[in-house]
Amino acid sequence: MQFFISCDAVKRVSYDEHLLTKNTIIVDGEKDNTETLNNLLYQQPNSKIPFLNIPLRLHIYNMARPNIDSIIDSNLNERPNKKENLENFLSKKQLNKYIQSRKDFNAWIKKTGEAPIIVDEDKTKKSINRLESYYINNGWFNTEATYDIKKNDNKRAEIEYNVRKGNAFIIDSITANIKSPIVDSLYKKIQKETFIKKNEQYKTTNFNEERDRISSELRNSGIYHFKTDYITFEMDTIGTNKKVNVDINIQDRAIRTEDSIRHEPFKVYTIRDVNIVTDYTFENRNKPFQDSIYYNGYKIYSYNKMRYRPKAISDAIFINPGTIFRDIDRTRTYRHLNELRTFKYPNIEYIENSDNTLTDTIRLTPLKKFSLGFSADASQSNIQTIGFSLNPSLLIRNIFRGAETLEISAIGSIGASKDGNRNNTEDPFFDINEYGVDLKLTIPRIFSPFYTEGLIPKYMSPNTRISLSTTSQTNIGLDKQTLSGIFSYNWQPNKKVSNRLDLFNIQYVRNLNVANYFGVYQNSFNALNQIAKDVNYIPTEDDLTIPDGANNFINYALGNPTPSEISTTQVKTINGIDERKERLTENNLILSSSFNFINDERTNLFDEDFSIFRAKLELAGNLLSNASKLFGLKKNDANRYELFNVAYSQYVKTELDYIKHWDLGRKNVLAVRSFFGIAIPYGNSNSIPFSKSFFGGGPNDNRAWSAYSLGPGSSETTNEFNEANLKLALSAEHRFNIFENLNGALFVDAGNIWNVLDNVEDDRATFDSFSSLEDIAVGSGFGLRYDFSFFVFRFDVGFKTYDPSYQDQNRWFNDYNFANAVYNIGINYPF
């Protein structure tokens, strides 16, 4: 088989050509296979599937026929009258379509595949020049590179590149020659932050970065006319014994006239006036202003009646009258105005005055006050045969004349459950429904009675978000009504870091159909039902009724004294079922505060060499607990305070999430993720609300287990939804391109959930020491991803590699087969 694949690789290689199969780079006698150097070469061997070493795309390309037109013509004319007979049988039009379809399919194969990479000596010479330039730009000025093409008789060839660097050149002296006195004084203040440092190896990138740094610092210090072209470097290496003497030259300002260029020292410019036009359009440009306001030094104009409070506009402007010109102020003004979501992209124009001052005019074009949105969706799931939903929305801009935005969205859905109509034929077909409304107000500043500018200055783009939402679901699980409200602050200290402080986050969840608990959690019911039969509480041929029969049996089994026919193990099982039932059917009231921190190192959407760190700390119930004690409220029978007949939750929760990507080149990416989360109940709670707990498994977690099916710990639970209050997760994924937009991945996922410091006492489900880490589950598998540009469709197959639920026996590879594999479908990458 390998012989035929090998022969097929050179199928489209001419007798006088050679297929490039390998590049080798030798630097000072040692092989260097780094991606940095390989990316400098103009020719790379055909791409191969990782680990299999098969050039799949080349083989696909070789399946195409290079002379498809002549082949088709030859087939049609191989017998007399064949073409005419086919035209009579198919019609001439259908025959032409058939011929064109063969040509199109052949073209598709060629496009999908990859043409053989033929050794090109001219490109090899260009690669030599690139290698030499790379090392010269990094300080090895005497670099020499050669190549050797090793051609084999089987129409294959390898290229060996040999690089001799020599000794590196070190920066010795640095001298600045600056013409303008003001620039010279400014340069001395910023000199210590230079990228060019004495006794360090020469690097061209350092000089480019230094030129940009100096230019940026000067333009942010009032030098309005300065550009990077005014900065030049001179390097002297003659007779210096591998040393580099650097001269930094900064010229005077060049002023062009009609027939000459004169040079003058640079001067510092200040902002004289800032004019703001709040409703500019091309049609209005020559009309007189109807309204104007002078506010904090800003001149604000409007062609119509002023629609904005002056503070809302001035808060978004960083260009201040009476201050020196700073380029960064313009950049921040652009960004902040765009974040208001109230204006189109603004126009900022500086006009130079005769007295070294600038007049700045900012033209704002308002977006429409109202924007309507509408979406519809059809879906199917394991609980409904078919479902339809509608999501209308309304966006209102500048609702309180302070550039605030109010979003009003609603949801309405209906569906047909898979088992809701079995027992009652009078139920309507669409027996599932959900409806709700969401209000979200965004205020483009910190809304607070206290002065916060010192802590969170406006260049951090602070905003306040207030949201209220309510939903109601029927015939979905226990049926729920939810009410939530959030008051939060958001700000960005820099481009990479974003912060969010939820000052208040209140959630109220009311279960409407508690009687349906055992109808939803069938596994719990089956275990309870079997015990009832085993102890002869009900006949073997009967079942407990839901809910009365099941609830009565629980009360009977947990009575005092315990019935003699029920064993200690059975009592423990029944008690666990009852505790879980009580926790999942109780109404929840959560009043919490939280802080989120995100540091995202990505430079753009296509960056594949970055890291992301997320951290969250949440505290719940403290305010209500202090209020309960202050007002002397009494506790209920479970020793818990209640508010509106609901025992509120009290806990502390933290999450840490770290993601790292390495770009391995040629569309190969190694991605890893680590996650740690813990939620500890205390005070008014001895467990965590279901909505705040952790679960394992699913398309974005350990993909060898379906969502909620993993853990806790090594317990062999039969619960439909397994959750706990401690989670550890680790994942690694190698992503590679197969051809065009189809990518593949090999992955390993590890992790589990445990109970800790709560009311669960099962030793196998709790984390009590580092020995519990033996219960970390490991899954591995492979996946395919198709990139549609605006989203990625993902299909993963996960295999249980190490299953902690196997007790006192080997846990490795017990269910490592397709029969026990888990198939996941997702949108975009898991991390």
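Answer yes or no as to whether PHE767 is crowded, with 22+ Cβ neighbours inside 10 Å and over 20 Å from the mean Cα position of the chain (by Cα). First the steps, then the outcome.
Numbers: crowded, with 22+ Cβ neighbours inside 10 Å: yes; over 20 Å from the mean Cα position of the chain (by Cα): yes.
Against the criterion (crowded, with 22+ Cβ neighbours inside 10 Å and over 20 Å from the mean Cα position of the chain (by Cα)), PHE767 qualifies.
Out of GLY239, GLY297, which single residue is loosely packed, with under 14 Cβ neighbours inside 10 Å, out of contact with any helix residue (DSSP H, G or I) (no Cβ under 7 Å at 6 or more places or on another chain) and closer than 20 Å to ARG330 by Cβ? Before you say what the answer is, go through the steps one by one.
On the way: GLY239 fails: closer than 20 Å to ARG330 by Cβ.
Matching residue, one of GLY239, GLY297: GLY297.
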Residues of the range 250-290 classified as within 44 Å of the chain's Cα centre (by Cα) and not in a loop (DSSP other than H, G, I, E, B), total: 12
Verdict on ASP663 being in a loop (DSSP other than H, G, I, E, B) and either buried (at least 16 other Cβ atoms within 10 Å of the Cβ) or in the same structural domain as TRP754 (by TED's automatic domain parsing) (or both): no
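Scan PHE606, PHE613 and give me the residue that is exposed (fewer than 15 other Cβ atoms within 10 Å of the Cβ) and outside any helix (DSSP H, G or I).
Numbers: PHE613 fails: exposed (fewer than 15 other Cβ atoms within 10 Å of the Cβ).
Every option except PHE606 fails the conditions.
Can you find a residue that is among the hydroxyl-bearing types (Ser, Thr, Tyr), touching a helix residue (DSSP H, G or I) at 6+ places or on another chain (Cβ under 6 Å) and not assigned by TED's automatic domain parsing to the domain that holds ARG326 anywhere in the range 197-216? Spell out the reasoning first.
As a first pass, look at the range 197-216 and keep what is among the hydroxyl-bearing types (Ser, Thr, Tyr): 202, 204-205, 215-216.
Those left that are additionally touching a helix residue (DSSP H, G or I) at 6+ places or on another chain (Cβ under 6 Å): 215.
Subset that is not assigned by TED's automatic domain parsing to the domain that holds ARG326: 215.
Yes, some residue in the range 197-216 is among the hydroxyl-bearing types (Ser, Thr, Tyr), touching a helix residue (DSSP H, G or I) at 6+ places or on another chain (Cβ under 6 Å) and not assigned by TED's automatic domain parsing to the domain that holds ARG326.
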Test: THR204 is at pLDDT 95 or above and of a type in the set (S, T, N, Q): yes
Total residues in the range 10-43, condition farther than 18 Å from THR143 by Cα and in contact with a helix residue (DSSP H, G or I) (Cβ under 6 Å, 6 or more places away or on another chain): 4
Sole residue being out of contact with any strand residue (DSSP E or B) (no Cβ under 8 Å at 6 or more places or on another chain), of a type in the set (Gly, Ala, Ser), crowded, with 18+ Cβ neighbours inside 10 Å and more than 30 Å from THR34 (Cβ to Cβ), chosen from SER709, SER649: SER709
Scope the range 71-95; condition charged (D, E, K, R), surrounded by 13 or more Cβ atoms within 10 Å (Cβ to Cβ) and closer than 21 Å to ASN106 by Cβ; matching residues: ASP73, LYS83
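Residue check: is LEU478 out of contact with any Pro (no Cβ under 6 Å at 6 or more places or on another chain) and at pLDDT below 90? First the steps, then the outcome.
On the way: out of contact with any Pro (no Cβ under 6 Å at 6 or more places or on another chain): yes; at pLDDT below 90: yes.
Against the criterion (out of contact with any Pro (no Cβ under 6 Å at 6 or more places or on another chain) and at pLDDT below 90), LEU478 qualifies.
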Number of the condition not met by ASN138 [criteria: (1) farther than 30 Å from TYR202 by Cα; (2) crowded, with 16+ Cβ neighbours inside 10 Å]: (1)
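One line per residue, one yes/no per condition, for (1) among the β-branched types (Val, Ile, Thr); (2) over 29 Å from ASP763 (Cα atoms):
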position: VAL571; (1), (2): yes, no
position: ILE577; (1), (2): yes, no
position: GLU582; (1), (2): no, no
position: ASN587; (1), (2): no, no
position: SER594; (1), (2): no, yes
position: PHE597; (1), (2): no, yes
position: THR603; (1), (2): yes, yes
position: GLU608; (1), (2): no, yes
position: LEU630; (1), (2): no, yes
Residue, farthest from ALA527 (Cα to Cα), within the range 576-603, restricted to residues that are free of Cβ contacts under 8 Å to residues at least 60 places away in the same chain and assigned to a helix (DSSP H, G or I): GLU582
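For every residue, the table says whether it meets (1) within 17 Å of ILE271 (Cβ to Cβ); (2) free of Cβ contacts under 8 Å to residues at least 24 places away in the same chain; (3) hydrophobic (A, V, I, L, M, F, W, C).
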{"site": "MET306", "(1), (2), (3)": "no, no, yes"}
{"site": "ARG309", "(1), (2), (3)": "no, no, no"}
{"site": "ALA312", "(1), (2), (3)": "no, no, yes"}
{"site": "ASN320", "(1), (2), (3)": "yes, no, no"}
{"site": "THR323", "(1), (2), (3)": "yes, no, no"}
{"site": "ILE328", "(1), (2), (3)": "yes, no, yes"}
{"site": "THR333", "(1), (2), (3)": "yes, no, no"}
Qualifying residue in the range 546-562 (condition: more than 30 Å from LEU643 (Cα to Cα), charged (D, E, K, R) and in a helix (DSSP H, G or I)): no
Lone qualifier among PHE788, PHE767, PHE795, PHE813 - being modelled with pLDDT under 90 and not hydroxyl-bearing (Ser, Thr, Tyr): PHE788
The range 256-299: number of residues that are within 13 Å of PRO310 (Cα to Cα) and of a type in the set (S, T, N, Q): 4
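Scanning for something over 28 Å from LEU40 (Cα atoms) and touching a Leu at 6+ places or on another chain (Cβ under 9 Å), does the range 155-173 turn up at least one residue?
No, the range 155-173 has no match at all.
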Conditions (1) at pLDDT below 95; (2) assigned to a strand (DSSP E or B): number failed by ALA532: (2)
Selection from the range 694-746 of residues that are assigned to a strand (DSSP E or B) and closer than 21 Å to LEU757 by Cβ: PHE694, ALA724, LEU726, LYS727, LEU728, ALA729
Residue check for ASP148: in a strand (DSSP E or B), free of Cβ contacts under 8 Å to residues at least 60 places away in the same chain and either over 16 Å from GLN43 (Cβ atoms) or not aliphatic (A, V, I, L, M) (or both): yes
Restricting the range 616-626 to residues that are in contact with a Leu (Cβ under 8 Å, 6 or more places away or on another chain) and among the small types (Gly, Ala, Ser), the residue that is surrounded by the fewest Cβ atoms within 10 Å (Cβ to Cβ): GLY621
Scan of the range 163-210 for residues that are within 22 Å of TRP140 (Cβ to Cβ) and charged (D, E, K, R), ordered by number: ARG164, LYS165, ASP172, LYS197, LYS198, GLU200, LYS203, GLU209, GLU210
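The values are calculated or read from the model by the stated rules, or taken from the named source; none is laboratory data. Note that the coordinates shown come from a computational prediction; the quantities given were computed from them, not determined experimentally. Every residue, glycine among them, receives a Cβ derived from its backbone with ideal geometry; neighbour counts consider all protein chains shown.
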